[in-house]
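Reviewing the structure listed below.
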Amino acid sequence: MSGQPRPPAAGTAYTTAGDAAVVMKLRYKVLGVIGVLVAAGAITFGQFLSHSLPCGPASALPAGSPAMKAVVQRCYGSPDVLRFEDVPKPVPAADEVLVKVHAASVNPLDWHYLQGTPYLVRMSRGFGKPEDPRLGVDFAGTIEAVGRDVRRLKVGDEVFGGKLGAFSEYLTVREARAVTAKPRNVSFEQAAAVPIAAVTALQALRDKGKIRAGEKVLINGASGGVGTYAVQLAKAFGAEVTGVCSTKNLELVRSLGADHVIDYTHEDVTRGTEHYDLIVDTVSTHSPPDYRRVMAPKGIYVMVGSTEPGNWFGFLGKPIEGVLLGLFVGQQFDMLLAELNPRDLATLADLMRSGKLTSVIDRRYPLSDTAEALRYLEKGHARGKVVLTLDSGE
Ligand SMILES: NC(=O)c1ccc[n+]([C@@H]2O[C@H](COP(=O)([O-])OP(=O)(O)OC[C@H]3O[C@@H](n4cnc5c(N)ncnc54)[C@H](OP(=O)(O)O)[C@@H]3O)[C@@H](O)[C@H]2O)c1
């Protein structure tokens with residue numbers, strides 16, 4: 001016998017302070033080991049997630065299959081990694097339509113897909129390199145073929161929508177997904193500019209912002225892709241709209257219907273005397289407590305985008321701060337993750353048809369210059385939308 005106290009039998013209470021101390025030490029050791037394992041796992045996963053493989057070669061075209069031109073990325077990186085290649089022309093499945101693309105538009109989302117950042121994007125896009133090398137989402141074009149189960153759309157229909165692979169001469173999209181008829185009185189370029197940016201503006205105002213006629217609405221970043229649609233849509237909902245932009249865009253934002261404009265290069269909107277019922281923020285240049293100063297007692301703030309998204313979780317900093325602040329104050333802070341759907345595209349098509357919504361097109365690039373278009377967008381000062389043109393289709 002060593003003289004050490006024997007551990008109590010299972011189910012027996014510890015009797016001495018010495019026993020309890022031994023158990024506590026053991027617990028700390030176990031927790032320590034778990035902590036080290038979790039940290040090591042997180043670091044390893046982080047390294048794995050952020051690791052970029054070199055660009056792979058183009059795949060050989062299957063013999064005899066029709067080809068088309070498309071913008072592809074065979075690795076993550078800057079626009080320099082983009083290639084304008086011949087790839088197989090897609091064939092529609094039973095529930096899909098084949099669209100001949102006449103115009104596409106670029107969005108910050110394309111930039112995120114291209115770079116694979118924030119790194120969480122790679123969990124769906126592919127680890128190390130993109131699983132699907134195609135790029136682009138927003139498109140407008142003409143239906144060239146339909147699958148045997150397609151009912152709503154037909155060959156010859158002019159459509160617009162969103163589907164990965166829009167920077168191509170052709171794409172296939174399921175009829176039930178984000179594709180809808182383009183109004184005849186709207187050009188392919190105008191329609192191609194709409195999907196991501198305008199659906200985002202609509203969902204920010206209507207779904208997250210619960211916008212109502214007569215409300216005071218502030219759009220921060222009013223001159224960009226999302227902002228130019230948000231100003232028009234907020235007016236269409238009957239709101240009193242204030243747009244924040246730089247000096248060169250004041251006239252543009254006024255022309256879109258804004259009742260008031262604020263030049264962010266001269267004035268800090270969060271130091272003003274106005275109180276807004278709803279703030280839709282595409283740039284997140286201020287903190288939630290700063291915005292709160294200019295929000296109505298029951299005001300809603302919707303974060304859409306940020307000028308500094310970062311590669312990891314930085315983009316979540318302000319939304320988390322906002323949600324925590326919202327627990328203690330009357331105002332509500334929310335973040336939007338827009339979702340493309342045919343219902344909202346149809347709503348936007350109606351607004352375009354009636355002239356209540358128009359696309360501000362800043363620049364046009366041929367599809368083969370997609371890299372240049374993305375470089376321009378990345379500077380963060382586009383005036384409305386940047387569009388890629390293919391065969392005009394008119
Ligand atoms: N949450 C979602 O589901 C979702 C969907 C779509 C987009 N987004 C995000 O929303 C953001 C905007 O997208 P976008 O397509 O509108 O981008 P964009 O077209 O590149 O917008 C750039 C605009 O931001 C303005 N801007 C830059 N700095 C500003 C500042 N300090 N104050 C006010 N305005 C400023 C620029 O105006 P000036 O030239 O006058 O500076 C420019 O017009 C991006 O971060 C994007 O990733 C999120």
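Throughout, read-outs are computed from the coordinates displayed, never taken from laboratory work. The model shown is predicted, which means the values in this text are computed figures rather than measured ones. For neighbour counting, all protein chains shown are included, and Cβ atoms are generated from backbone atoms with ideal geometry for every residue, glycine included.
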Here P(r) for the range 253-394, Cα-Cα distances in 5 Å bins, as whole percents, is 2, 7, 12, 16, 18, 18, 14, 8, 3, 2, 0, 0
Here the cysteines of the chain without any disulfide-compatible Cβ partner under 4.7 Å are Cys245
Taking 257-264, 239-246, 79-86 and ranking on average Cβ neighbours within 10 Å, highest first, one gets 239-246, 257-264, 79-86
Expressed in µm² per second, the diffusion coefficient of the range 225-334 from the Stokes-Einstein equation, with Rh the Kirkwood radius over alpha carbon pairs, at 10 °C and 1.306 mPa s, is 109
Counting sequence-distant residues (5 or more places) and residues on other chains, those with an amide H built under 5 Å from that of His102 are Ala140, Gly141, Thr142
Out of Glu308, Glu175, Glu189, a Gaussian network model of the chain with alpha-carbon springs under 10 Å gives the largest mean-square fluctuation to Glu308
All alpha-carbon distances of the chain, grouped into 10 Å bins from 0, give the whole-percent distribution 5, 20, 26, 21, 12, 6, 4, 4, 1, 0
Computed over the chain, the relative contact order (Cα-Cα under 8 Å, seq sep at least six) in percent reads 16
In terms of the alpha carbon gyration tensor, root eigenvalues a ≥ b ≥ c, rounded if a/c is under 1.5 and otherwise prolate when a/b exceeds b/c or oblate, the range 53-205 is oblate
Expressed as a percent, the portion of alpha-carbon pairs in the range 116-262 spaced more than 27 Å apart is 39
Per-residue ellipticity at 222 nm attributable to helices in the chain (runs of n ≥ 4 DSSP H, -39500 (n - 2.57) apiece, nearest 500 deg cm²/dmol) works out to -8500 deg cm²/dmol
By the C-alpha gyration tensor axes a ≥ b ≥ c (rounded if a/c is under 1.5, else prolate when a/b exceeds b/c, else oblate), the shape of the range 195-259 is oblate
Treating only Lys and Arg (+1) and Asp and Glu (-1) as charged, each at its beta carbon, one finds that the range 251-387 has a dipole about its Cα centre, in Debye to the nearest 20, of 240
Sorted by chain and number, the residues with a modelled amide H under 5 Å from that of Gly126, at a separation of 5 or more or across chains, are Glu131
Final fewest-first order of Phe328, Phe313, Phe188 on the 10 Å Cβ neighbour count is Phe328, Phe313, Phe188
